[in-house]
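The values are calculated or read from the model by the stated rules, or taken from the named source; none is laboratory data. None of these values were measured; they are calculated from a predicted model. All Cβ positions, even for glycine, are placed from backbone atoms using ideal geometry, and neighbour counts span all protein chains on display. All accessible areas refer to the heavy atoms of the entire protein, side chains included, with ligands and DNA or RNA removed. Shrake-Rupley method; radii C 1.70, N 1.55, O 1.52, S 1.80 Å.
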Amino acid sequence: ARKSSKVNRKYKTRYRVGNWPEYERGLRARGDVTVWVSDEAIASWTPEPTGRRGGQSRYSSLAILTALTLRLVFRLPLRQTEGFVGSLLRLMGLELNAPDHTTLSRRGRDVEVPPLRRDHDGPIHLVVDSTGLKVFGAGEWSTRKHGKRKLRRGWRKLHIGVDGSDFIVAGELTKSDIDDASMVPKLLESIDVKLRRFTGDGAYDQRLVYNSVARAGTEDVKVVVPPRKDATPNKRAKGAWLQRNAHLKQINEIGRQAWQKESGYRQQARAENTFFRWKWTLGDRLRAKHFKTQQREAMIGCGVLNRMFELGKPESYAVKS
């Protein structure tokens with residue numbers, strides 16, 4: 001029989017921030033609206049002529065990306081974004097024009113977003129998860145007010161991978177019907193460093209995930225994914241898939257809660273905390289209407305969170321009850 005190892009709430013570990021002065025300065029820096037534009041950015045605000053026939057672009061990808069980033073941070077509609085960027089340029093005395101809202105809407109579909117790159121000294125611990133983001137519709141309030149009638153609303157699913165420092169190193173926005181496990185190979189393609197450990201929730205309990213991690217990881221890469229409750233050992237398992245049998249054996253011996261603690265599965269909370277920061281900082285919905293634009297918006301959001309996190313990160317430690 002499986003053992004139960006649930007922990008009473010009053011015995012759960014409490015944490016305290018150990019670098020509060022530095023973290024507090026970082027929080028204040030996130031709200032600093034001081035803006036400056038480098039000489040390189042001013043020079044590249046307007047792109048060079050392509051030499052082809054027809055109309056030329058009036059704004060570079062940098063200009064479009066800058067405007068869309070400010071729109072996301074300050075949660076502005078496109079017309080207000082146009083006015084906001086224009087006012088900043090005037091206040092800085094720059095003879096540059098702000099992209100108009102029509103251009104932002106059109107160019108937002110194919111603007112080049114910088115990849116989520118970060119230098120690592122060696123193999124990393126990758127934690128993956130997904131969450132839903134609203135794209136349009138009346139929302140929960142209308143559902144509660146008018147009953148269970150059909151509402152025009154939709155969702156997108158944001159898949160991310162974070163490293164051991166909570167930095168987003170991989171991200172992808174898909175439609176809501178895409179399976180979480182099927183996105184693992186694509187997330188791994190965008191990471192240019194080996195994995196030493198992979199952690200995900202029960203949605204990633206598939207052979208595809210184990211095989212993909214084995215190809216992208218070191219020889220001794222560890223996969224920590226909780227097996228389904230009705231899972232049984234696979235006698236034909238080989239390679240990384242053998243780790244799943246070991247997890248099942250340990251869960252039967254000590255219980256699922258104790259396995260989560262001993263295996264380090266609770267590190268999966270890193271991705272959940274990232275989604276909490278996303279929705280608290282940037283909101284729980286996407287503002288773009290076109291799917292390709294929504295994908296760019298999501299990647300811009302990942303870059304914004306990484307930049308904010310670099311300004312100040314809490315270093316917490318466990319305290320005794």
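Take residue 201 and decide whether it is more than 17 Å from residue 266 (Cα to Cα), buried (at least 17 other Cβ atoms within 10 Å of the Cβ) and touching a strand residue (DSSP E or B) at 6+ places or on another chain (Cβ under 8 Å).
Criteria not met by residue 201.
Which residues, counting only those in the stretch 234-290, are farther than 20 Å from residue 197 by Cβ and hydroxyl-bearing (Ser, Thr, Tyr)?
Scanning the stretch 234-290 gives a single hit, 281.
Determine, yes or no, whether residue 279 is of a type in the set (D, E, K, R), outside any loop (DSSP other than H, G, I, E, B) and either open to solvent by less than 10 Å² (accessible area, probe 1.4 Å) or within 30 Å of residue 136 (Cα to Cα) (or both).
Against the criterion (of a type in the set (D, E, K, R), outside any loop (DSSP other than H, G, I, E, B) and either open to solvent by less than 10 Å² (accessible area, probe 1.4 Å) or within 30 Å of residue 136 (Cα to Cα) (or both)), residue 279 qualifies.
Restrict the check to the stretch 170-188 and report whether at least one residue is open to solvent by less than 40 Å² (accessible area, probe 1.4 Å), farther than 30 Å from residue 154 by Cβ and in contact (Cβ under 8 Å) with a residue 24 or more places away in the chain.
There is no residue in the stretch 170-188 that is open to solvent by less than 40 Å² (accessible area, probe 1.4 Å), farther than 30 Å from residue 154 by Cβ and in contact (Cβ under 8 Å) with a residue 24 or more places away in the chain.
Out of the residues in the stretch 231-251 that are open to solvent by 30 Å² or more (accessible area, probe 1.4 Å) and among the aliphatic types (A, V, I, L, M), which is nearest to residue 122 (Cα to Cα)?
242
Please find, within the stretch 91-104, the residue that is nearest to residue 78 (Cα to Cα) out of those that are assigned to a helix (DSSP H, G or I) and open to solvent by 60 Å² or more (accessible area, probe 1.4 Å).
102
Hey, could you check the stretch 133-180 for residues that are in contact with a Lys or Arg (Cβ under 8 Å, 6 or more places away or on another chain) and among the aromatic types (Phe, Trp, Tyr) and say which is modelled with the highest pLDDT?
167
Can you name every residue in the stretch 55-72 that is more than 15 Å from residue 86 (Cα to Cα), open to solvent by less than 60 Å² (accessible area, probe 1.4 Å) and assigned to a loop (DSSP other than H, G, I, E, B)?
60
Select, from 82, 48, 22, the only residue that is open to solvent by 70 Å² or more (accessible area, probe 1.4 Å) and in a helix (DSSP H, G or I).
Values: 82 fails: open to solvent by 70 Å² or more (accessible area, probe 1.4 Å); 48 fails: in a helix (DSSP H, G or I).
That would be 22, the only listed residue that is open to solvent by 70 Å² or more (accessible area, probe 1.4 Å) and in a helix (DSSP H, G or I).
Picking from 90, 118, which residue would you name as being closer than 30 Å to residue 269 by Cβ and of a type in the set (Lys, Arg)?
Testing whether each residue is closer than 30 Å to residue 269 by Cβ and of a type in the set (Lys, Arg) leaves just 118.
Just one of the numbered conditions (1) at pLDDT 90 or above; (2) open to solvent by less than 70 Å² (accessible area, probe 1.4 Å); (3) not polar (S, T, N, Q) is not true of residue 308; which one?
With (1) at pLDDT 90 or above; (2) open to solvent by less than 70 Å² (accessible area, probe 1.4 Å); (3) not polar (S, T, N, Q) applied to residue 308, the lone miss is (1).
Which one is farthest from residue 120 (Cα to Cα) among residues in the stretch 177-230 that are among the aromatic types (Phe, Trp, Tyr) and in a helix (DSSP H, G or I)?
204
Would you say residue 259 is more than 27 Å from residue 110 (Cβ to Cβ) and free of Cβ contacts under 8 Å to residues at least 12 places away in the same chain?
no
Every residue, every condition in (1) open to solvent by 10 Å² or more (accessible area, probe 1.4 Å); (2) over 17 Å from residue 78 (Cα atoms); (3) part of a helix (DSSP H, G or I), yes or no:
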{"position": "253", "(1), (2), (3)": "yes, yes, yes"}
{"position": "258", "(1), (2), (3)": "yes, yes, yes"}
{"position": "261", "(1), (2), (3)": "yes, yes, yes"}
{"position": "269", "(1), (2), (3)": "yes, yes, yes"}
{"position": "275", "(1), (2), (3)": "yes, yes, yes"}
{"position": "288", "(1), (2), (3)": "no, no, no"}
{"position": "294", "(1), (2), (3)": "no, no, yes"}
{"position": "303", "(1), (2), (3)": "yes, yes, yes"}
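Would you point out which residue out of 39, 32 is acidic (Asp, Glu), closer than 25 Å to residue 297 by Cβ and open to solvent by 30 Å² or more (accessible area, probe 1.4 Å)?
After ruling out the rest, the residue left standing is 32.
What are the pairs, 6+ residues apart or on separate chains, where a residue within the stretch 1-28 that is more than 20 Å from residue 259 (Cβ to Cβ) has its Cβ under 8 Å from a residue that is modelled with pLDDT under 70?
10/321; 14/321
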